[in-house]
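Working notes for the structure below.
Bear in mind these aren't lab numbers, they're just calculated from the coordinates by the rules spelled out. If you're wondering where the values come from, they're calculated on a predicted model, not measured in any experiment. We place every Cβ from the backbone using ideal geometry, glycine too, and count neighbours over all the protein chains shown.
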Amino acid sequence: MRKIMSIALAAVACSASLTLATSSPAAAADHSPQCVKVRKYFNKGQQRYVRLSNLCTQRVSCYKIVIPHHKDPSGRLPKGATKDVRYGTTGIPRALYVKNVSC
């Protein structure tokens, strides 16, 4: 009985480690560093802005501003910088979120 139980446990452990090994490279390939952080959404006159900060002090980061039913503007943010980015007029919807993308 012990032999059967230890074989079953070994099979479960092997399949779990195989699953982790096969899913890790795919997850790592899609993952870009999460450096760009939204500080504030605001309007100035008839323009919509988002204040972005690059939390990475060693590298330039890239972002994409996601707006429903419109072309998503994107850009680069210098290392350690904070910047107000204009992404449209008050006639378009407010941005849903800002996505970190690879450069």
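Structure above, values below:
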{"read-out": "Coarse-grained scattering of the stretch 38-84 at q = 0.20, 0.28 Å⁻¹, given as base-10 log I(q)/I(0) from a Debye sum over alpha-carbon atoms", "value": "-0.71, -1.09"}
{"read-out": "Neighbour net charge for GLY88 - beta-carbon separation under 13 angstrom, K R +1, D E -1", "value": "+4"}
{"read-out": "Spin-label model distance (nm) - GLN47 vs LEU96, 7 Å beyond Cα toward Cβ", "value": "2.6"}
{"read-out": "12 Å beta-carbon shell around SER74, net charge (K/R +1, D/E -1)", "value": "+3"}
